[in-house]
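Working notes, structure below.
The values are calculated or read from the model by the stated rules, or taken from the named source; none is laboratory data. Nothing here was measured: the structure is a model prediction, and the numbers come from that model. All Cβ positions, even for glycine, are placed from backbone atoms using ideal geometry, and neighbour counts span all protein chains on display.
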Amino acid sequence: MRVIALLAGSLARPRITPLALLGGMVLGMFAGAPRALAAPEKAMFRFDFGPGKVQPGYTAVLPATVYSAERGYGFEPGAAVSAADRGGPDALRGDFCTSDRPFFFSVAVPEGNYRVTVLLGDPRGTSITTVRAELRRLMLEKVRTASGKAVARTFVVNVRRPEIAGGGEVRLKGREKTDEIRAWDERLTLEFGDARPCVCAVEITRADDLPTVFLLGDSTVCDQPRAPFSSWGQMLPRFFKPEVAVANHAQSGESLESSLGARRMDKVYSLMKPGDYVLVQYGHNDMKSRRPDALSRYRSALKQVADETRKRRGTPVFVTPMHRHRFVGNTVTNSLMEYPDAVRQAGRENNVPVIDLSAMSKSLYEALGPEPSLALFARTGEDRYDRTHHGGYGSYELAKCVVEGIRRNKLGLARHIADDFAGFDPSRPDPVASFGVPDDAQRTVERPLGD
């Protein structure tokens, strides 16, 4: 088995492959001459999954290929992976790895953005694959392949470390070092799941030239590690073309002030380049402050984020916090005091675009009604729901609200929105039954920090 070496301070040299092919198109029948997925001078890593013959220039991945620091790639321990070889002349498409439950594949990479192309399908059967990355960030939703067909799809994954260029590091919470470590470790981790994921090949390419969308916020934005909890920030990548990276630096329990103190903003500023975006949504925890000047400090901190972002020739975007599930009759009531208005005011005063998630979430919840709208929230028991934190369906709908806000504000980022996003009216939510992104097999009863 060929081992890919990580060279100190540099990247492994890509191997030469016979033919370039753009990701994201249907590849057609499996029969035919072997083909590569990306231009040879671009790809850093190429993996051929399954027990059949190995495509030249690729590294074989078998069910027993378990990740280790020495190897630098492999399945995460505990994966119940099987493989099949259908034969035929096409080494990449003739075999694959699969499982009846989600499995994880990791590659050790430096911090940065990476364009990932996956080849999915089975020459003798159908497949349905949903792909998440890092800490449950939705990348691909229910990719279906017919028997005898293969599909290559491309997406962008951001990988980060706590260290800050110039000195120091982000002050991580305890859970970020344990349950949430995939958001900060040295690996790019892919999760393959759904009814029948069939993975034929994976290619990974450095993509630091792409614009990055940095997210800052609290538990309603961050990458939640386990079901039933989910946040709009981890659904957001699914709604962009592979032309932009989403880097989620939000964290449970954070206020705007505590994020500044933990150096989360400093980390983002150290990574920013001209053309990047910073989306900021706080309020749920900020409103609990008992300081008499808390609201003015909040507005000042928003201005500071806007100023620092613009110094780096980036675009700041303020997002008002979504409502909690608080109804009086059929009307949602505001439990966030003056904080949504403070965001709107800060946007006007600093000429910053505002995505009014408060207004859109009110329309969303009220469109469903007091009891049906509980389906948007994390179900924590037979008849119990967390009325602050959302489940998969709710975070998916809120992510669509944010994308709609990007479109309505006519941000340059809008040109990178996925082609299948046709706009979203929060007063006309998707039916609950239409939501088909599979939930995690692993669940938690521990609530996210904050409320």
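Exactly one condition in (1) touching a residue at least 60 places away in the same chain (Cβ under 8 Å); (2) under 19 Å from Phe214 (Cβ atoms); (3) buried (at least 18 other Cβ atoms within 10 Å of the Cβ) is not met by Gly347; state its number.
Every listed condition holds for Gly347 apart from (1).
Pull out all pairs, ordered by first then second residue, where Cβ-Cβ is under 8 Å, the residues are six or more apart or on different chains, the first lies in the stretch 306-334 and is modelled with pLDDT of 95 or more, and the second is assigned to a loop (DSSP other than H, G, I, E, B) and aromatic (Phe, Trp, Tyr).
So the pair list comes out as Pro321/Tyr282.
Checking Ser255 against (1) closer than 13 Å to Thr309 by Cβ; (2) surrounded by fewer than 24 Cβ atoms within 10 Å (Cβ to Cβ); (3) without any contact (Cβ under 8 Å) to a residue 60 or more places away in the chain, which test does it fail?
So Ser255 meets the others, but not (1).
Give me a count of the residues in the stretch 66-93 that are more than 15 Å from Leu188 (Cα to Cα), in contact with a Ser or Thr (Cβ under 9 Å, 6 or more places away or on another chain) and at pLDDT 95 or above.
Count: 4.
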